[in-house]
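Engineer: Have a look at the structure that comes next, please.
Readers should treat all values here as calculations from the given coordinates under stated rules, not as data from a laboratory. Source: prediction; values computed, not measured. Don't worry about glycine lacking a Cβ; one is built from the backbone with ideal geometry, like all the others, and counts go over all protein chains shown.
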Protein chains: 2
Amino acid sequence: MSLLVIGSLALDTIETPFGKAERTLGGSATFISTSASYFVNPVRLVGIVGYDFPKEELEFLKSKGIDISGLEISENKKTFHWHGKYDFDLNTRDTLVTELNAFETFDPVISEKFRKSEYVCLGNLIPSLQKKIIKQIENPKLIMCDTMNFWISGAYDDLLEILKLVNLLVINDSEARELSKEYNLVTAAKRIMEMGPQILIIKKGEHGALLFKGDMIFSAPAFPLEKVFDPTGAGDTFAGGLMGWLAKTNDLSEKNLKLAVIYGSTMASLAVEKFSLDGIRNLPHAEIMSRFAEFKKLTHFEEISLV
Amino acid sequence: MSLLVIGSLALDTIETPFGKAERTLGGSATFISTSASYFVNPVRLVGIVGYDFPKEELEFLKSKGIDISGLEISENKKTFHWHGKYDFDLNTRDTLVTELNAFETFDPVISEKFRKSEYVCLGNLIPSLQKKIIKQIENPKLIMCDTMNFWISGAYDDLLEILKLVNLLVINDSEARELSKEYNLVTAAKRIMEMGPQILIIKKGEHGALLFKGDMIFSAPAFPLEKVFDPTGAGDTFAGGLMGWLAKTNDLSEKNLKLAVIYGSTMASLAVEKFSLDGIRNLPHAEIMSRFAEFKKLTHFEEISLV
């Protein structure tokens, strides 16, 4: 099946306790589409960059089998730039600079070909824009969207409209609590699914992710890593692996949704081991399958027969 | 195999957002031995209570197949009393009252019969006392101990001595970080296992538990519950299920250690659904096995064959 990814492309400056990367490839759509490209081809990318976006990064995206015909290149504006600095524990970060640049005018018209995509992955965007995009899709099989605290507090009504239009919402635990006004995550999940999405994934950072569909709950751990270099893009890499797997298999059974969560977790665990996108730029298939197998060892247990 | 449990017995007053229970049965040894009693019989209990300890609670412990011949009853002191109040999210609690009473003089001489126990479970106690107890055990197959931040900061050297004598340490994530002086839990686990214990379990509260042995890591989630009434004793109930299962099966293979962690998690999830010990006072076997089966559904995934 075809997978359409819409979101930001950025040039990030990232500081972690382990080093600094300047103007490195970032943005939600970048991580989502690169991660998804290991599962499904082509990934259709819709986004906007500035005149300063490196040509070799365009070539990189194409080399991953990503169709960048929906990527607008602004002639007079720079690329979206984010500069963040992580705390020693990598769990909190400060945003030092946000320059929207070309991204401020992002208002895409989806091409006729892209409108027919079956699987659609909406990165974190202002809900009114997410709505305009969804309206252009012709006959989607699954629409996934992300959001953030900023829109929950600042554009709540628009967000509620979006939730009625999407099938799968992927958010983190603090966002789930704020959106539902419930502290308990099981209760929060029920409230959120009443708002629209039939499937909900709550990401818990280093504690993994919870998948909810109807009464079914599935818990996936984050892979216990000794060296986490840079958590930037981990959530989007998760979403990319998840949606890439779903688009590849075109199977929305509970059994396959669980697998998709594990593939998402697999990709995210590989991403955070290196700076920015480096962890998933050139991954051998065997490395993905080996990490996937380790997830099984990490979580599965077998009953023993008692004498 | 025989399981020896040494720790505190208390009469707790507990306040949660959902209600208040006064002078209800508490203490580490109470939760550990009650939880373990569902797996192995008899559980041998060593502890101390005061003259005010209710006779019907002694009968209750006996009814669970717990051998209370090692339980000292003080004639002139009251039972250890703890009064705690939980925050709305149940993740933080304030201690309002701690009266050690009879527990202050706890310095047990283990009986000849009990000294021969194969499995030993040491609840949270001052490390110097844990050491005196361990020295009395004759030929243990596995010694598990718990500790707390208070001893890590206040009795570090004594604690290091204990760690050389125990096989299995069960602590929570903040304790693991403080003990190892490492933030990353995988690194923390390596440092702690270098201090002595061959097996380490790090409890993460609502995020489950991690089991470490050599290079093996196993991740068990906490059961996602909509109604958590009272987290008091959850960690000790976990330890009781874990050690009860190990003593029952007498199998320290990695495969069986994983199962033991799931049985511990199963018991803890049942405990927190009611006040104090009420969740595990009278559990039908079928209820334990049903929750155990739900853990499997919660964490296991199956590969699908692609067409």
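Engineer: A:GLU287 label points, 7 Å along Cα→Cβ, one per copy: pairwise distances from this copy to the rest in nm, shortest first?
Structural biologist: For A:GLU287, the other copies' label points sit at 5.0 nm, shortest first.
Engineer: Just how far, in whole angstrom, is the stretch A:35-82 from the stretch B:234-255 if you go by their alpha carbon centroids?
Structural biologist: 53
Engineer: Within the stretch A:75-118, which chymotrypsin sites (Phe, Trp or Tyr not before Pro) sit in a loop by DSSP and count at most 12 neighbouring Cβ atoms inside 10 Å?
Structural biologist: Hits after loop and neighbour filter: A:PHE88.
Engineer: Let's see if you can work this out: charge +1 on each Lys and Arg Cβ, -1 on each Asp and Glu Cβ, no other charges. What is the dipole magnitude of the protein assembly as shown about its Cα centre, in debye to the nearest 20? Present the calculation step by step, with values, prior to reporting the outcome.
Structural biologist: Numbers: 68 positive and 82 negative charges, 241 e Å.
That gives a dipole near 1160 debye.
Engineer: For A:SER253, place a label point 7 Å from Cα along the Cα-to-Cβ direction in every copy; what are the distances to the other copies, in nm, shortest first?
Structural biologist: Label-point distances to the other copies, shortest first: 3.0 nm.
Engineer: Tell me the GluC sites (Glu not before Pro) within the stretch A:141-192 that lie in a loop according to DSSP and have at most 15 other beta-carbon atoms within 10 Å.
Structural biologist: Numbers: sites: A:GLU161, A:GLU175, A:GLU178, A:GLU182; in loops: A:GLU182.
Passing sites in the stretch A:141-192 do not exist.
Engineer: Have a look at B:MET243, B:MET289, B:MET193 and tell me which one the Gaussian network model of chain B (Cα, springs below 10 Å) gives the largest fluctuation.
Structural biologist: For chain B, modelled as a Gaussian network with Cα springs under 10 Å, the answer is B:MET289.
Engineer: Ordered by residue, what ³J(HN,Hα) values in Hz, to whole numbers, does the stretch A:280-291 give under the Karplus form 6.51 cos²θ - 1.76 cosθ + 1.60, where θ = phi - 60° and Gly and Pro are x?
Structural biologist: In residue order, the calculated couplings are 10, 5, 9, 9, x, 3, 5, 5, 5, 5, 5, 5 Hz.
Engineer: Is the shape of the stretch A:167-307 best called rounded, prolate or oblate, per the rule: a/c under 1.5 gives rounded, else a/b larger than b/c gives prolate, else oblate, with a ≥ b ≥ c the square roots of the Cα gyration tensor eigenvalues?
Structural biologist: Cα axes put the stretch A:167-307 in the oblate bin.
Engineer: Right, next: Mind putting a number on the dipole of the stretch A:131-268 about its Cα centre? Charges go on the C-beta only, +1 for Lys and Arg and -1 for Asp and Glu, and I need it in Debye to the nearest 20.
Structural biologist: Roughly 300 debye, rounded to the nearest 20.
Engineer: Using a 10 Å cut-off around each Cβ, can you sort A:LEU11, B:LEU3, A:LEU283, B:LEU257 from fewest to most neighbouring Cβ atoms? Kindly include the intermediate steps, with their values, before the conclusion.
Structural biologist: Details: A:LEU11 26, B:LEU3 29, A:LEU283 18, B:LEU257 22.
If I rank by nearby Cβ atoms, fewest first, I get A:LEU283, B:LEU257, A:LEU11, B:LEU3.
Engineer: Defining the label point at 7 Å along Cα→Cβ, can you sort the distances from B:SER63 to the same site in each other copy, shortest first, in nm?
Structural biologist: Once sorted, the set of distances for B:SER63 reads 7.2 nm.
Engineer: Of A:LEU242, A:MET1, A:HIS207, whose Cα points farthest to the positive end of the dipole of the protein assembly as shown (charges on the beta-carbon: +1 Lys, Arg; -1 Asp, Glu; origin at the Cα centre)?
Structural biologist: My answer, from the dipole projection, is A:MET1.
Engineer: Checking the a/c ratio against 1.5 first, then a/b against b/c, what shape does the Cα gyration tensor give for the stretch A:3-299?
Structural biologist: Cα axes put the stretch A:3-299 in the rounded bin.
Engineer: Just flag the GluC sites (Glu not before Pro) in the stretch B:65-99 sitting in loop per DSSP whose Cβ has no more than 15 other Cβ atoms within 10 Å.
Structural biologist: B:GLU75
Engineer: Given axes a ≥ b ≥ c from the Cα gyration tensor, I'd like to know whether the stretch A:9-135 is rounded (a/c under 1.5), prolate (a/b larger than b/c) or oblate. Mind showing how you got there, number by number?
Structural biologist: Details: a/c = 1.64, a/b = 1.54, b/c = 1.07.
It comes out prolate by the Cα gyration axes.
Engineer: Give A:LYS181/A:LYS248; A:LYS113/A:LYS190; A:LYS64/A:LYS141; B:LYS203/B:LYS297 a once-over and call out the pairs whose C-alpha atoms are over 30 Å from each other.
Structural biologist: Listed pairs above 30 Å: A:LYS181/A:LYS248; A:LYS113/A:LYS190.
Engineer: Please give every one of the aspartates and glutamates within straight-line cross-link reach of B:LYS213, meaning a C-alpha to C-alpha distance under 16 Å, and leave out same-chain neighbours fewer than 8 residues apart.
Structural biologist: Candidates past the 8-residue exclusion: A:GLU226, A:GLU294, B:GLU194, B:ASP251, B:GLU254.
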